[in-house]
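A short reminder: the numbers here are calculations on the coordinates, not readings from a lab. Computed from a prediction, not measured in an experiment: that's the story for all the values here. Cβ: placed from backbone, ideal geometry, glycine included. Neighbour counts: every protein chain shown.
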Amino acid sequence: MAKKPTPKKTTARKDDAEVKTTKTRNQPGSPAKAPTPEPKSQAQSAARIPAKAGTKAGIEPQATGRSTATTVAHNQDKTTPAAPPTRAAPPKSAASQTAEQSSDPRTETAALRLKPLVNSFGSERVGGRTRTPTAPTAPSDWTPAPAPSARRPAPTEPRPAEPVEQTRPDSGYEPEPEPHPEPQHQPPRAHWEQRPSLFIVHITPEMAPVAKVGGLADVVFGLSRELAIRGNHVEIVLPKYDTLRYDHIFELHEVYKDLWVPWYEGAIHCTVYFGFVHDRKCFFIEPHSGDNFFNRGSIYGFRDDALRYAFFSRAAMEFLWKAGKHPDVIHCHDWQTALVPVFLYEFYQQLGMVHPRVCLTIHNFKHQGVTGMELLRATGLHQPERFFDWHRMGDNRYKNALNLLKGGVVYSNFVTTVSPRYAFETKDQGQGFGLEPTLHTHHMKYGGVVNGIDYDVWNPEVDRHIPVRYGVDSLDAKYDNKRALRHRLMLADNEKPIVAFIGRLDPQKGLDLVRHAIFYTLERGGQFVLLGSSPDQGISNDFWGLKHMLNDSPDCHLEIGFDEDLSHLIYAGADMVLVPSQFEPCGLTQLIALRYGTIPVVRSVGGLADTVFDKDYSDRPLHQRNGYRFDNYDAPGLESALGRAIDCYYQFPEHFRELMKNAMRADYSWNHPGQDYLNIYDFIRDR
Ligand code: ADP
């Protein structure tokens, strides 16, 4: 076979070259103009949401100031509060917190978290593409309060934790008769029509494909569409980065010329643009200031990131207020937009914005936006004694620091993270990067929802990026993609299994185990493919060194860089995907791999443990087992799972094929998570 050419460094993202700069910049100081109304959806025009009085679940006891008589037509009516808005009462005393923490967190968390696990992975999730909206199950198991709405059924029992060592590998594994695929049908619209349409605004630093760094971008893209499909009016507010993929934005135009956003003692002039990103309604905020907040060639990585995103959060809120938008729910994401609820309850509620509730989703606790006094001066929050308070935004580790993510947790009406297991790990297993006590204090409004993936993009039956499309009934065609992958990467065409790793080359992803897995796979008679990139020069150099070392191997290819197109071919052509993360909030890699019938071999952490069920050791029914898991973060741990997967591939090919079918039949679309988030929205609106 042909010898592979010596690798050359090309770490730039392929996408970057395609960025078009079609943005139009308006002149600062141009005359004020009323916002141009953006296109309205049917749901938007029709919806009239009755406002309710009540207390909020967030910073208690937060009087809403909402009038029971007030009705809000999304985005159109400016709601005038009937009663003057009330300020948030101070958070709980230390004594009450200690009392809360003294309860058995393990038991409590198991009860709190495992319900969503059952919701998401109960038998109803098996059935592949079928969209079967479940009856609304409000997150009432996340709170002991009785379900206030008749829409909520009683909580179901939590599922017991998975026992280990139940069966010996490959012993007694009888392929079950194939479960009948659920009938394909449209979601029962009548059910949705019974619930009021909501006006939901996502305020986010990322959204695929226009501004993507990690999984957060995919979540906003997928969830926003799912919510819209279900009849809600969804808008998304993003910074107008210079690196936006303008080729994915349609009908981009100015809608708000003169937005002045308070900043330090003055205000920064911004322009707001509207455009469609694959049917999603998006607003892009462009500040005109010497700080050049979003024109820096990349999304993150600057010393003033905390200030940049504090500004964006303030600008987004200012925009909603000035434009007269009164969403039912503001959904914000990660530390970058965690100040949104702080601004809402500290400033905008007093200005009449009494309607919205806030849901904060934390995609990774590692990044929290820890900053200093400057932030208070810049944002106008001032009052250091109030905000450095341990019960508000005072960092749990550094006495003289503010923690934006903590502020988000304290002030939001509900906080989610991206899998029930990660919710448990962050609160009770020391994975919260210092926020554990805060999560304990606010455990009543904290839960986990596993992400979905977009089956329009990640689906081997329709994937335009792969040479041969296939489904569970045409599985043999997967091997045409395997051949194509080998051809593209100049690997030997033989009987060996292909093990793949796709992901950021970040220590979080278990890079030392990835390295070990490469050599272990080759030793065990497999082939290894890696696709990954890192902004860290040291890590990048390490993998380039490895690539040079293995360049002549006909069974190994390392591709250092970001290449979405190639990732599709790898998902389709590989036999196994390895995800040996140190921690993993949710993980999309294994969800995509499952859809492509590529068997995940994962460490039992976070969302990996919630979505991958070991072929040999899971207590799940056989038809729900879909991969291999290991617990210990070390070489023997990894080998215990990867070794079993390779053994099964060689020695029990029919079992391996059953596993592939199980993987492909599971439903990890946005169908279930979409319903889960709507339940949360209903829950906080009822408060
Ligand atoms: P994280 O958000 O921590 O990066 P996830 O597993 O949630 O990890 O999401 C990673 C997503 O990015 C997946 O869709 C994966 O396919 C994609 N991805 C990661 N690295 C690359 C790469 N180098 N080239 C192409 N796609 C990549």
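Provide the gained length on full extension for the span E265 to D242, in nm with one decimal, where the gain is 0.36 nm per separating residue minus the Cα-Cα distance. Can you show the working numbers first?
Values: separation 23, 0.36 × 23 = 8.28 nm, distance 2.69 nm.
Once the chain is fully extended between E265 and D242, it gains 5.6 nm.
Which length gain, in nm to one decimal place, applies between D279 and Q383 when the Cα-Cα distance is subtracted from 0.36 nm times their residue separation? Write down the numbers at each step before the final one.
Details: separation 104, 0.36 × 104 = 37.44 nm, distance 4.22 nm.
Stretched out fully, the D279 to Q383 stretch lengthens by 33.2 nm.
What's the FRET efficiency of M490 with E461 using the Cβ-Cβ distance as r and R₀ = 35 Å, to the nearest 0.05?
Details: r = 28 Å, r/R0 = 0.80.
Calculated transfer efficiency: 0.80.
Report relative contact order for region 247-319 in percent, whole number only (criteria: Cα-Cα under 8 Å, sequence separation at least 6).
It rounds to 26 percent for region 247-319.
How far apart, in nm, are two points set 7 Å out from the Cα along the Cα-to-Cβ line at N541 and at Q350?
5.3 nm
Sorted by mean Cβ packing within 10 Å, highest first, what order do the peptides 288-298, 561-571 take?
Numbers: 288-298: 14.9, 561-571: 19.3.
Per-residue mean Cβ counts within 10 Å order the peptides as 561-571, 288-298.
Sketch the reach of a paramagnetic label on R515 as a point 7 Å from Cα along Cα-to-Cβ, and name the residues of region 532-557 whose backbone nitrogen lies under 14 Å away.
Under 14 Å, as judged by backbone N against the label point of R515, lie 538-550 of region 532-557.
Which values of log₁₀ I(q)/I(0), to two decimal places, follow from the Debye formula for region 235-361 at q = 0.12, 0.13, 0.21 Å⁻¹ with a uniform point scatterer at every Cα?
-0.43, -0.51, -1.42
Under the rule of at least 5 residues apart or a separate chain, name every residue whose amide H is placed under 5 Å from the amide H of R629.
Amide H neighbours of R629: V602, K615.
Distance between Cα centroids, region 260-283 to region 309-369: provide it in whole Å.
14 Å
Starting from the amide H of D395, placed 1.01 Å from N in the peptide plane, find each other amide H under 5 Å away whose residue is 5 or more places distant or on another chain.
The answer is A401, L402, N403.
If each of D304 and D565 carries a label point 7 Å out from its Cα toward its Cβ, how far apart are those two points in nm?
Placing both labels 7 Å beyond Cα along the Cβ direction yields 3.8 nm.
Residue by residue through region 479-490, which ³J(HN,Hα) values in whole Hz follow from phi under the Karplus form 6.51 cos²θ - 1.76 cosθ + 1.60 (θ = phi - 60°), with glycine and proline marked x?
6, 5, 5, 4, 5, 5, 5, 4, 4, 5, 9, 6
Compute the separation of the alpha-carbon centres of region 429-465 and region 534-583 and state it in Å as a whole number.
With region 429-465 and region 534-583 each reduced to a Cα centre, they are spaced 25 Å.
Mind ordering 243-254, 534-545 by average Cβ neighbours within 10 Å, highest first?
Details: 243-254: 16.6, 534-545: 14.4.
The packing order, highest mean first, is 243-254, 534-545.
How much length would be gained if the chain were fully extended between K399 and D476, taking 0.36 nm per residue of separation minus their Cα-Cα distance, in nm to one decimal? Mind showing how you got there, number by number?
On the way: separation 77, 0.36 × 77 = 27.72 nm, distance 5.98 nm.
Length gained between K399 and D476: 21.7 nm.
How fast does region 592-642 diffuse by Stokes-Einstein, in µm²/s, taking the Kirkwood radius from C-alpha pairs at 37 °C and 0.692 mPa s? Walk me through the numbers before you get to the answer.
Values: Rh = 11.0 Å.
Value of D from the Cα-based Kirkwood radius: 297 µm²/s.
Once amide H atoms are placed 1.01 Å from N in the peptide plane, what residues at a sequence separation of 5 or more from Y241, or on another chain, have their amide H within under 5 Å of its amide H?
none
Which entries of K322/K399; K406/K509; K281/K427; K240/K406; K281/K399 have Cα-Cα distances beyond 32 Å here? Intermediate results must be reported in sequence, preceding the final value.
Numbers: K322/K399 36 Å; K406/K509 25 Å; K281/K427 35 Å; K240/K406 26 Å; K281/K399 41 Å.
Violating the 32 Å Cα-Cα cut-off are K322/K399; K281/K427; K281/K399.
Mind giving me the FRET efficiency for M549 and H253? R0 is 45 Å, r the Cβ-Cβ distance, nearest 0.05 is fine. Mind showing how you got there, number by number?
On the way: r = 52 Å, r/R0 = 1.16.
It comes to 0.30.
With a ≥ b ≥ c taken as the square roots of the eigenvalues of the C-alpha gyration tensor of region 353-435, please select rounded if a/c is under 1.5 and otherwise prolate if a/b is larger than b/c or oblate if it is not?
Numbers: a/c = 2.40, a/b = 1.34, b/c = 1.79.
It is oblate, given that a/c is not under 1.5 and a/b is not larger than b/c.
Provide the per-residue ³J(HN,Hα) series for region 349-360, in order, calculated from phi with Karplus coefficients 6.51, -1.76, 1.60 and θ = phi - 60°, each as a whole number of Hz, with x at glycine and proline positions.
4, 5, 8, x, 8, 9, 7, x, 10, 10, 10, 10
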